[in-house]
1. How far apart, in nm, are two points set 7 Å out from the Cα along the Cα-to-Cβ line at VAL254 and at LYS184?
2. What base-10 log of the normalised intensity I(q)/I(0) is obtained for segment 186-270 from the Debye formula, alpha carbons as equal point scatterers, at q = 0.13, 0.21, 0.22 Å⁻¹?
3. Which three numbers, in whole Å and largest first, are the semi-axes of the equivalent ellipsoid of segment 5-147 derived from its Cα gyration tensor as √(5λ)?
4. Could you calculate the contour length gain from SER83 to SER47, that is, 0.36 nm times the residue separation minus the distance between their Cα atoms, to one decimal place in nm?
5. For segment 45-105, what number results from the quotient of the Cα radius of gyration and 2.2 N^0.38 Å?
6. Whole-Hz Karplus ³J(HN,Hα) for segment 48-62, in order, using 6.51 cos²θ - 1.76 cosθ + 1.60 and θ = phi - 60°, x for Gly and Pro?
7. Two-decimal Rg/Rh of segment 1-87 from alpha-carbon positions, Kirkwood Rh?
8. So, in nm, how far is label THR103 from label ASN66 when the simple model puts each one 7 Å beyond its Cα toward the Cβ?
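Computed from the coordinates by the stated procedures, all read-outs in this text should not be read as laboratory data. The structure presented is a predicted model; accordingly, all values stated were derived computationally and were not measured. Here the Cβ is made from the backbone with ideal geometry for all residues, glycine too, and neighbour counts use every protein chain on show.
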Amino acid sequence: MKHNKKRNTAFLYECLVKELTKAIVRNQKDRKEKVLNIIKENFKKGSILKQDLSVYRVVLESKKTNKQFAQRLLVETKKDYESLNRKAVFNRQTKLIKQINETLSPAAFANFISNYKDIASVGAYFSSSLKAKNRILVESRLVGLMSSDKREDKSMSHVDNLTYNTFIKKFNNTYGKTLRTEQKALLMNYITSFSDNGLGLKSFINEEISRLKQEVKLCTNKPKIAENESFLAKTRQVLKQLGEYSKKQITESVVREIFYIQDLVAEVNK
């Protein structure tokens with residue numbers, strides 16, 4: 001089923017939250033302020049997008065409900081969705097999409113959203129005139145979601161500022177002069193991944209893998225590699241390995257491998 005994610009208020013909100021998380025983890029103060037201002041402007045109390053988001057959350061945050069209640073709640077929630085001024089919602093979404101494109105980047109819409117499938121299902125249920133079969137499939141999935149007791153584990157260990165800052169200072173003193181910029185960024189995102197349940201790390205790695213793929217492809221055009229079958233084969237192997245990371249869970253081993261690929265690319269470019 002087709003779903004226009006940019007017309008899904010919950011998706012737009014999650015993209016902004018992800019951008020805010022990345023800015024905080026990377027200590028990008030200016031970008032953090034820009035994202036915060038966009039969120040405050042568009043999702044302030046009483047705003048039309050805040051009301052629309054609240055309707056999505058009724059479904060997305062419902063857990064452990066019995067199936068009969070979940071089915072009734074879906075029907076009533078859709079009524080709430082339709083009772084909002086949909087033209088006003090659409091116009092505000094248009095303005096928000098433009099703000100994100102111009103103030104942040106269109107790349108913000110490519111952020112990895114862990115519960116995107118759920119968000120898209122709710123959006124499809126609310127806004128589409130689905131045929132009987134598809135409607136039943138979506139409703140069935142949402143009822144299953146609402147009656148499940150599975151939740152993302154959002155708990156995180158508390159680390160006080162003194163301990164955290166001391167650790168970062170030691171890291172910078174030890175590695176600051178020996179690592180490449182992209183390697184320091186990778187390790188810093190890995191080290192601080194506790195602060196956002198790994199969301200910033202996932203976003204950074206997605207962007208870094210895309211960059212490395214482009215760099216490795218350029219390497220294959222270099223005469224010393226293109227004319228050497230052994231080098232060319234190994235370069236293609238690295239490309240294949242980069243392509244497989246999207247299917248893997250991010251572990252210390254994956255971070256280590258990406259770290260060495262960063263080194264490889266930099267050395268070849270030298």
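1. With each label placed 7 Å out from Cα toward Cβ, I get 2.6 nm.
2. Those come out to -0.44, -0.96, -1.03, one per q.
3. Values: eigenvalues 166, 53, 36 Å².
Here the semi-axes work out to 29, 16, 13 Å.
4. Working: separation 36, 0.36 × 36 = 12.96 nm, distance 1.47 nm.
Here the segment from SER83 to SER47 would lengthen by 11.5 nm.
5. Values: Rg = 14.6 Å, N = 61, 2.2 N^0.38 = 10.5 Å.
With N residues counted in segment 45-105, Rg over 2.2 N^0.38 Å equals 1.39.
6. Values per residue, Gly and Pro as x: 5, 6, 5, 5, 5, 4, 4, 5, 4, 5, 4, 7, 5, 9, 7 Hz.
7. Numbers: Rg = 15.7 Å, Rh = 14.8 Å.
Using only Cα positions, Rg/Rh for segment 1-87 is 1.06.
8. 4.6
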